[in-house]
1. Output the pairs from Lys13/Lys546; Lys343/Lys407; Lys318/Lys411; Lys445/Lys546; Lys318/Lys499; Lys13/Lys343 with a Cα-Cα distance over 31 Å in this structure; if there are none, say none.
2. Pairs of Cα atoms under 8 Å, at least six residues apart: use those to get the relative contact order of region 169-316, whole percent.
3. Using alpha-carbon positions, what is the distance between the centroids of region 16-48 and region 414-476, in Å?
4. In what sequence, largest accessible area first, do Tyr741, Tyr330, Tyr11 appear using a 1.4 Å probe?
5. Could you let me know the centre-to-centre spacing of region 201-237 and region 288-347, using Cα atoms, in angstrom?
6. Using Cα pairs closer than 8 Å and at least 6 residues apart in sequence, work out the relative contact order for the chain, in percent.
7. Mind running the shape call on region 279-364? Use the C-alpha gyration tensor, a ≥ b ≥ c as the square roots of the eigenvalues: rounded below 1.5 for a/c, prolate if a/b tops b/c, oblate otherwise.
8. Show me 351-364, 63-76 ranked by packing, highest mean number of other Cβ atoms within 10 Å first.
Amino acid sequence: MNPKTYKTLEYTKIIERLTELASSPLGREMCEHLEPSIDLDEITLLQKQTSDALSRLWKKGAVSFSGTRDIRGSLKRLEIGSTLSAKEILDISSVLNVALRIKPLAKISDKEDSDEYEDSLADFFTSIEPLSPVNNELKRCIIAEDEIADDASANLSSIRRSIKATNDKIHNLINSMVNSSTVRTYLQDNVVTMRNGRYCLPVKAEYKSSMPGMIHDQSATGSTIFVEPMGVVQMNNELSELAIKEQREIEKILADLSNLLGEYIEEIHTDLMVLSQLDFIFARAALSKSLKCSEPVFNTDGIIDLKCARHPLLDQTKVVPIDVRLGENYNLLVVTGPNTGGKTVSLKTVGLLTLMGQSGLHIPADENSRLSVFNQVYADIGDEQSIEQSLSTFSSHMTNIIKILDKADDKSLVLFDELCAGTDPVEGAALAISILTFLHNLNVKTMTTTHYSELKVFALSTEGVENACCEFNVETLSPTYRLLIGIPGKSNAFAISLKLGLPGFIVDDAKNRLNDDSKSFEDILTDLEESKITIEREKEEIKSYKLEIEELKRKLEKKTENLDDRKERILREANEEAMAILEDAKSFADETIRNMNKLKTGGSASAMENERHKLREKMSDTEKKLVLKNNKTPKKKYTAADFKLGSAVKVLSLNLNGTVSSVPNAKGDLFVQMGILRSQVNINDLELIDEPVITGPNLQKTSTGKIKMSKGLSVATEINLIGMTTAEAIPALDKYLDDAYLAHLNSVRVVHGRGTGALKNAVHAHLKRQKYVKTYRLGTFGEGDTGVTIVEFK
């Protein structure tokens, strides 16, 4: 595309901000050379890469590629077999450190069993090779640019131990000389200094002949001579030789490390390029995050549909979003309105977001905003006056417009700011209409700003051309910067002038000088703008009401769900509690029946009466547990005469329906049969109900007039005897069969397993002796096969 367009639409400033977000030299270089693409597949891939990188930024936080050095020169030297310096090797190590740090970002999810690994960046992360063993060796040997580790090699370690020992000998000898009273008189200062890499003493000039040794230097005044004592000359010579050996050993170590790196040139080069590419991609994602951008949807049909688009270079907390549509129902948009109303910003926003989108950058607009792929974006915006070329503003603009008209086609986006301004308004308007008609006929997607009323009429009367305006608040003399598509804008010159203090008679005189057509047209524009504002306001209110309704609906659903859960919990707990009480009562009744049967055969009358007393107390306790706190009162006051045998009643405290089974006594107490439960209730706790009379079960009276309780509640349809011995299983089976028979079950399932068959045989032998067992058989396929026995009662 035309580089001039980049500058006009301030695309270069976006590139500068993008470059600042990259942290590697090659990443910044890629950012600086980023240009819009015209290949839809390439644009789609770039956008996907930016989105995938942004997803990682949101999930894992900021990603830094700092430390990715430009090591291309070092790799070239390795290819030809050169030895790298310690700094170059450390730069390569730094790149490998970044590779090790970035490699784990391949995982999108932190969950070990997550399958979210494949996206557009997966291949980049897969190709990264941290070369950890090689890098560890580099870091072991080289501590800093000017420091090689002692243990980089055994020989270097030995040399440095010798250097340390020699240094210690020299220090001890010189210190003994300094501490000598004779030598101390010769010295200017009691210090040891270095000259030309050798240890020396500062001797007074007059004593230089008294201190045997080599003179290396003297002070500026000549009063001090720096003498290397003869006793340490040999040791200093040894120290120099050791320093030379040390340097040779370091060069050998660097050569070995260079040879080691030479084996992995391709892997290191791949790491460098991949990390730089990822740095470039994550810089795009970081820009998207900072500007609160979204991925646009691209098409090749020339359709632009921007939702709440914002200019990326303006303060994102203050910029007013705009909605722009172009290319679907119309290919030419004429934007009008007062100066400083936001017309040019709207124009630049459309152009700049198009360039950003085609460069793989997200755009500051709402999701599902649409952009088209354009081969060229042309813009004629700003003051084009050229003093050097002796061109006026109009001439310069026209020169640019001629170039645009010569190159534009149906794959181009053309942006004009104040088309044909700066000349006679009548001629300028006519020329502007002709230019726009030419582009319109070529199906060029065009957006222009203007003050010419003739262009407003042209847009109203031409198919495929639409008006738009930048809203202006006359009361505050300030633009709202909202773009309203569908109505032309007003200049508001009279209203603004009057507000600023221009005398009213002058404004009135100006209005009178307008012809009737102009007045009528301005009135229509005013009505249209007011209608549009009213409709927009009502739409906002409707949207607000919808959101409020949705919130109320959500709260109601949540409340209903909580009530349902609470209801289920209460019912479940009540059922569980009732079940426990009834199970306890049934077990006690079974035990009482067994005791009574034993007492019949050989017990005393007092013992039997004692058992009856225990039974009555247990039944009374059970009734008390079942009775709920009675917060309800009968609808009417009943008397004892209202309750007859068989009357349908509701027990308020239990919230259960039942049938009167006895007449009230003097206290108003009577018995009510509620299913299998028979309970004594006072008439104040009862309410007559209009239901068919429910006939209670046959009640058998004992010799003492007491009612025998039925064994009928919650008996399971099977018993599991697996794991029991024969001695344990038969009593359990006997009790279970009694309960099942009394509960009127037709058949039951006895699970005894296969095993050795002893338990099965014992079960069958027991079943033969039971008079109430009609038949029994082994289970079939689906019932448990030979591991169970199916028992049917008479």
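1. Checking Cα-Cα distances, Lys13/Lys546; Lys318/Lys411; Lys445/Lys546 exceed 31 Å.
2. RCO, region 169-316: 13 percent.
3. One Cα centre to the other: 35 Å.
4. The ordering from most to least exposed comes out as Tyr741, Tyr330, Tyr11.
5. Their Cα centres are 83 Å away from one another.
6. Relative contact order here is 9 percent.
7. Because a/c hits 1.5 or more and a/b fails to exceed b/c, region 279-364 counts as oblate.
8. Per-residue mean Cβ counts within 10 Å order the peptides as 351-364, 63-76.
The values are calculated or read from the model by the stated rules, or taken from the named source; none is laboratory data. Just so we're clear, the structure is a prediction, and the values are computed from it rather than from any experiment. So basically every Cβ, Gly included, is an ideal-geometry build from the backbone, and we count neighbours across all protein chains shown. Ligands, DNA and RNA are stripped out before the accessible areas are found, and what is left, the full protein with its side chains, is counted by its heavy atoms. Shrake-Rupley method; radii C 1.70, N 1.55, O 1.52, S 1.80 Å.
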